[in-house]
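Since the structure comes first, as structure tokens, the remarks are kept for the end.
The values are calculated or read from the model by the stated rules, or taken from the named source; none is laboratory data. Just so it is clear, the structure is predicted and the values come from calculations on it, not from any experiment. As a convention, Cβ positions derive from the backbone with ideal geometry for all residues, glycine included, and neighbour counts pool all protein chains shown.
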Amino acid sequence: MFKSSDEPILSCLENTFVRDSLLQFQTGNTILFNLSVGYIVSFMFYLMIVAFPDYRKRQLYKHRLKWRYKWFKESVIRILINCYEDYRKKYDHENSLAPLKNRNELEDKLLDYKEFRTFFMANEQQNWYAVLNGIQYETEHLPDLYIEFQLLADEIFYVLNSINLKDDRAVSFFQNFFAHTHRLKNLSVFSDDQAKYFGGFLWEIFAQYSMIDGQLDKDRILEAISQI
């Protein structure tokens, strides 16, 4: 654009190394100048009308989905602690499970997958078995858990239908989450041991465990959300 313009070079650039690159063509080139200006104007309009609004929308959806995921974890952990306590009070006749001293503090700690592993693998994993038995014996917990999974799945579905997610790994992960949630909805397929199937899925999410890769040190759902 500068080489096709007939405007004089700025005095501050006269004695610099960029002077020669900014000198006008000998014959001038109005067409090139107009095309250059048109390109710049079009690019600015693209930024204002498309790029910036899309970026802002993605950030809003990302924040919304992170909040929904945090709410999901808090709600599910609360239900899991209820399962633990119900089993401890009604079925732990040998007193192998310790009473919870500060439940609210524990629930906050269990949001961290490392703390989740530590607590539920303690006591030779009896704490986790108590949760699974609580799900199995106290049947009102199972519908509550499914509702939380469905609410998160609905939120993810809404976001993915509102934006174009380009990361194939994130898309694959969310599709797998949808598939698991659908299976949870049709638990009659797993009527032989519903708690075991549900428990495996819960452990993958809250303890960050993969059947393929083993123990992980990252939150895969947060990682997928970050790709939005």
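Checking each residue in region 134-152 for being farther than 18 Å from Tyr84 by Cβ, surrounded by fewer than 20 Cβ atoms within 10 Å (Cβ to Cβ) and touching a residue at least 24 places away in the same chain (Cβ under 8 Å) picks out Tyr146, Gln150, Leu151.
Quick test of your reading of the structure: Ile147 fulfils all but one of (1) more than 20 Å from Phe72 (Cβ to Cβ); (2) hydrophobic (A, V, I, L, M, F, W, C); (3) out of contact with any helix residue (DSSP H, G or I) (no Cβ under 6 Å at 6 or more places or on another chain). Name the failing condition by number. Exception for Ile147: condition (1).
Every residue, every condition in (1) more than 21 Å from Ile221 (Cα to Cα); (2) acidic (Asp, Glu), yes or no:
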| position | (1), (2) |
| --- | --- |
| Tyr55 | no, no |
| Arg68 | no, no |
| Glu74 | no, yes |
| Tyr87 | yes, no |
| Asn104 | yes, no |
| Lys114 | no, no |
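Here is the figure for region 86-119: residues that are more than 16 Å from Ile205 (Cβ to Cβ) and touching a residue at least 40 places away in the same chain (Cβ under 8 Å) total 5. Of all residues assigned to region 177-198, at least one qualifies as being in a helix (DSSP H, G or I), over 15 Å from the mean Cα position of the chain (by Cα), surrounded by fewer than 18 Cβ atoms within 10 Å (Cβ to Cβ) and of a type in the set (Phe, Trp, Tyr).
Check Val131, Val171 and return the single one that is among the hydrophobic types (A, V, I, L, M, F, W, C), modelled with pLDDT under 85 and either loosely packed, with under 14 Cβ neighbours inside 10 Å or in a helix (DSSP H, G or I) (or both).
Val171
Scan region 45-58 and tell me whether some residue there is modelled with pLDDT under 90, crowded, with 16+ Cβ neighbours inside 10 Å and not hydrophobic (A, V, I, L, M, F, W, C). Within region 45-58, one or more residues are modelled with pLDDT under 90, crowded, with 16+ Cβ neighbours inside 10 Å and not hydrophobic (A, V, I, L, M, F, W, C).
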